[in-house]
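Read through the structure below, which is laid out as structure tokens, and then see the notes.
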Amino acid sequence: MPVPDLSTLPPAERATRSELFKPLKLGSMVVQHRIALAPLTRNRGKPSEKVEGTWYPWEIQSEYYCQRATEGGLLISEALPVSLQAVGASMTNVPGIWTEEQIVGWKKVVSEVKATGAVFVAQLFHGGRSCNHSSLVRACCPSATRVENTLGGGPGDVPVEMTEADIQRTIGDFVQAAKNAMECGFDGVEIHGGNGYLPDQFLHTNINTRTDRYGGSVENRNRFVLELCDAVAAAIGPDRFALRLAPYGFFNETRGQERKVQWTKLCEELATRKYAYIHFMEARYDEVLSESTKLAALGKEMTSDFSSDGLPTIAPFRAALGGVSGTPVIVAGGYDTENIWDVVDSRKADLVALGRYFTSNPDLVYRIKHGKPLVKYVRPRFYAFPGKEYQEGYTDFSKHEDNLTSDVERARWEEHVKRGIVVAKPGWQLSQDGVQLGEIYV
Ligand SMILES: Cc1cc2nc3c(=O)[nH]c(=O)nc-3n(C[C@H](O)[C@H](O)[C@H](O)COP(=O)(O)O)c2cc1C
């Protein structure tokens, strides 16, 4: 079916005609439009005084998610560690979902967010080798292969190679965390299977060098992810379960070969399980490499399925998932008020998740719908660390001036004007070249 060109229409008409603002069923969840908040680690948890090395969510998370909520809009939570080992010595201030205090905290946040009418999914996370050893726990990985150049500089700790028992225990931690998420009132669970974290570590040939049934072949490298998905989906229901993947990612030194085969086979397997959705980070999003280095590296590795801009596409994986009538697909990476429009109409994906622009535009859905300019994000405030103001660059961004509905919002807008709102030109973030350390942390 030809894609209607809606780009020349006035915003109101475009929004009426585009599938972007039409409802969709994602398993047992129903969204009223196709724009989602991408999972964003923001390091604003409160340090626990009860359990060493843990953080829990508090009022500020409620405020942050409620600001970004829309009726029937999908919000995906920041990555929630499933255990102490999932955090290790990194990930400070990241609220998890395994202690009593964290569960109590999330229950409150979720009930307030759900009262807005939003659909709220918890992203579950395990850092594997990306965490260093801490005084409390040792970092683990499918093989004892370390990260050679960490974001902090220098090599990471050599992780402990997981035994079969470690693997089963870790799957158990995810299952318990997923049950906790359900108890907290989340609508569903998404496992973070990208960015070189534990599940992704099993998929990459340069990280997973095992010779048992979890390594050595495409099928064996997929085994952990599939067993993990099966166990978590069995615990909460496949119609509430989702997985995030980054088939072309390089973050955390993921340099696996046979990517198209690896992820296509994985998606073929996932398709049979009828999950709520599969969420892809696209190749266009340059992580820690410069755009040109990334293109060159992918160019060497990928020989087909390139799009017109020279990047490999998710088309083979969408097809493996059953195409337009198969498992719903979310894409993320570099979308803005302009390039978002034909993603759903062209059937490339069913939903689009936005990350960085959502940090600085709490009413991003309104701005897209009404063609309003976007405020530039403030990279140094992506992750806050102790001693800094938690709300700064987190909950203090304003809605668009045409969209203010209370005195509090007007006061925030006036404050924003006083500080000098900086507006982004569409696509500006994609044209940047050069190393973007800290661009994504999780
Ligand atoms: C501050 C920040 C934190 C992030 N945290 C997560 C995370 O917790 N889980 C995850 O899967 N991706 C994470 N990402 C990646 C985003 O979900 C998203 O895929 C990425 O920002 C690309 O989308 P964008 O171009 O709209 O920002 C993070 C990105 C940023 C900028």
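Side notes on the structure shown:
- Here the Kirkwood formula, the inverse mean of 1/r across different C-alpha pairs, assigns the chain a hydrodynamic radius of 21.9 Å.
- For the set LYS25/LYS179; LYS114/LYS372; LYS22/LYS260, the pairs lying more than 29 angstrom apart at their alpha carbons are LYS22/LYS260.
- Summing charges over all other residues whose Cβ lies under 12 Å from the Cβ of GLY156, with Lys and Arg as +1 and Asp and Glu as -1, gives -1.
- For THR337, the amide hydrogen comes within under 5 Å of no other amide hydrogen, counting only partners 5 or more places away or on other chains and with H modelled in the peptide plane.
- Amide H contacts under 5 Å for VAL375: ALA424, restricted to partners 5 or more places along the chain or on a different chain, H placed in the peptide plane at 1.01 Å from N.
- For segment 102-179, the set of GluC sites (Glu not before Pro) satisfying both a DSSP loop assignment and a count of at most 11 other C-beta atoms within 10 Å is given as GLU148.
- Span-like helix check, the chain: qualifying full DSSP H segments, with Cα axial length of 27 Å or more and mean Kyte-Doolittle of 0.5 or more, are 218-236.
- Straight-distance candidates among the lysines for linking to LYS265, with alpha-carbon spacing under 22 Å and chain neighbours fewer than 8 residues away dropped: LYS274, LYS300, LYS348.
- Estimated from helices alone, the mean residue ellipticity of the chain at 222 nm is -9500 deg cm²/dmol (sum of -39500 (n - 2.57) over DSSP H runs with n ≥ 4, per residue).
- Amide H contacts of GLY96 (H built 1.01 Å from N, under 5 Å, at least 5 apart or other chain): TRP55
- Restricting segment 1-65 to GluC sites (Glu not before Pro) in coil, as DSSP defines it, with at most 15 other Cβ within 10 Å: GLU49, GLU52
- Taking trypsin sites (Lys or Arg not before Pro) across segment 1-72, the ones in a DSSP loop with at most 10 further Cβ atoms lying within 10 angstrom of their Cβ are LYS50.
- Here the dipole of segment 1-78 is about 140 debye; that uses its Cα centre as origin and unit charges on the Cβ of Lys and Arg (positive) and Asp and Glu (negative).
- Rounded to the nearest 20, the Cβ-based charge dipole of segment 189-271 about its Cα centre (Lys and Arg +1, Asp and Glu -1) stands at 220 debye.
Just so you know, all these numbers are worked out from the coordinates, no wet-lab data involved. This is a predicted model, so every value here is computed, not measured. Note that each Cβ is placed from the backbone with ideal geometry, even for glycine, and that neighbours are counted across all protein chains shown.
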